[in-house]
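Colleague: Just dropping this structure here.
FYI, it's all coordinate maths here, none of it is from the lab. All values reported here derive from a predicted model rather than from experimental measurement. Glycine gets a Cβ as well: all are built from the backbone with ideal geometry, and neighbour counts include every protein chain shown.
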Amino acid sequence: MNISVQTRNLTRRFGRFTAVDRVTLDVYEGEIFGFLGANGAGKTTLIRMLTGLLKPTEGEAQVAGFDVWGQSEAIKRRIGYMSQRFSLYEDLTAEENLTFYGGIYGLRRDQIEQRKAILFEHVGLQPFAGQMTRDLPLGFKQRLALACALLHDPPIVFLDEPTSGVDPKARRSFWNLIYQTAQLGKTLFVTTHFMDEAEYCHRVGIMHMGRMIAVGPPGQLKRQYDKSTMQEVFIALHQSSEEAA
Ligand SMILES: Nc1ncnc2c1ncn2[C@@H]1O[C@H](COP(=O)(O)OP(=O)(O)OP(=O)(O)O)[C@@H](O)[C@H]1O
Ligand SMILES: [Mg+2]
């Protein structure tokens, strides 16, 4: 299996505080990798290093075969990123947002038109293409933000809490979309606080106070810790890490 994301002892400190602490991880091509951890565990900081937005303090990381230390521009061309506070322009239509992002990614006009058609179909937003973004329900804005992240057809996509704030039905349909995106051969790196979503991932990593304390397929982690749900695995791991600290 080809590796999409590889880290070795990746570390980020802010002053004397260590937000990401020696994380070593391999994520494989075509995988839906779920990334769990309490508020402040270091998930967004790790993603920001992998997307080339933040320099590590120590350690190694390669994304799509390129090094985060010296090749962040090459990385940016090969990844999509839907940030935790995703940035859509509320006073543009859905379609105009895609056109705008296409320009940022340096796509030609004909490429933008072609990708727009494919992506509106993919995320199921064709009927809303001409609507003002501010008028779209949050679940649709999230789909549009995903479409923006996929515009340049990147092999690796980082989604930071893409489903926070939406109702269970919209969350389910967004996950169907995540599966469909993985079927295109893309690697998806998804953070979530919802443990039902953790069950849908091929593998999950659980982070606690900057450290990756468990990695594996949900089924394997449940067997290993003798629990019936990921919710229980998460709570048990959290408690034992607190006790050890
Ligand atoms: N630029 C920064 N300067 C100082 N501290 C920071 C900075 N960015 C993040 N931190 C700290 O690093 C820790 C990890 O933050 P991070 O945003 O990575 O957590 P998270 O796991 O994404 O949390 P959440 O689930 O709330 O999104 C937090 O304590 C945060 O306050
Ligand atoms: Mg975060």
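Colleague: Enumerate the helices (runs of 4 or more DSSP H) found wholly within region 6-110, keeping only those where 1 or more residues are over 27 Å from Phe194 (Cβ atoms) and not charged (D, E, K, R).
Modeller: Those helices (runs of 4 or more DSSP H) span 72-78, 94-104.
Colleague: Please work out which residue is surrounded by the most Cβ atoms within 10 Å (Cβ to Cβ), limiting yourself to region 155-173 and to residues that are of a type outside the set (A, V, I, L, M), over 13 Å from the mean Cα position of the chain (by Cα) and more than 15 Å from ligand 2 (Cβ to nearest atom).
Modeller: It comes out as Arg171.
Colleague: Return the only residue of Arg77, Arg22, Arg16 being without any contact (Cβ under 8 Å) to a residue 60 or more places away in the chain and either loosely packed, with under 15 Cβ neighbours inside 10 Å or within 16 Å of ligand 1 (Cβ to nearest atom) (or both).
Modeller: After applying the criteria, what remains is Arg16.
Colleague: Continuing with this model, one more query. Given Phe100, Phe120, Phe174, Phe158, which one is touching a residue at least 60 places away in the same chain (Cβ under 8 Å) and among the aromatic types (Phe, Trp, Tyr)?
Modeller: After applying the criteria, what remains is Phe158.
Colleague: Now, a different point. Restricting region 178-213 to residues that are free of Cβ contacts under 8 Å to residues at least 40 places away in the same chain and under 18 Å from the mean Cα position of the chain (by Cα), which is nearest to ligand 2 (Cβ to nearest atom)?
Modeller: Phe194
Colleague: Sticking with this one: Would region 62-71 turn up any residue that is of a type in the set (D, E, K, R), farther than 30 Å from Arg134 by Cβ and surrounded by fewer than 16 Cβ atoms within 10 Å (Cβ to Cβ)?
Modeller: yes
Colleague: Go through region 30-47 and give me each residue that's in contact with a Ser or Thr (Cβ under 9 Å, 6 or more places away or on another chain) and either under 13 Å from Ile206 (Cα atoms) or within 13 Å of ligand 1 (Cβ to nearest atom) (or both).
Modeller: Phe33, Gly34, Phe35, Leu36, Gly37, Gly42, Lys43, Thr44, Leu46, Ile47 - these are the residues of region 30-47 that are in contact with a Ser or Thr (Cβ under 9 Å, 6 or more places away or on another chain) and either under 13 Å from Ile206 (Cα atoms) or within 13 Å of ligand 1 (Cβ to nearest atom) (or both).
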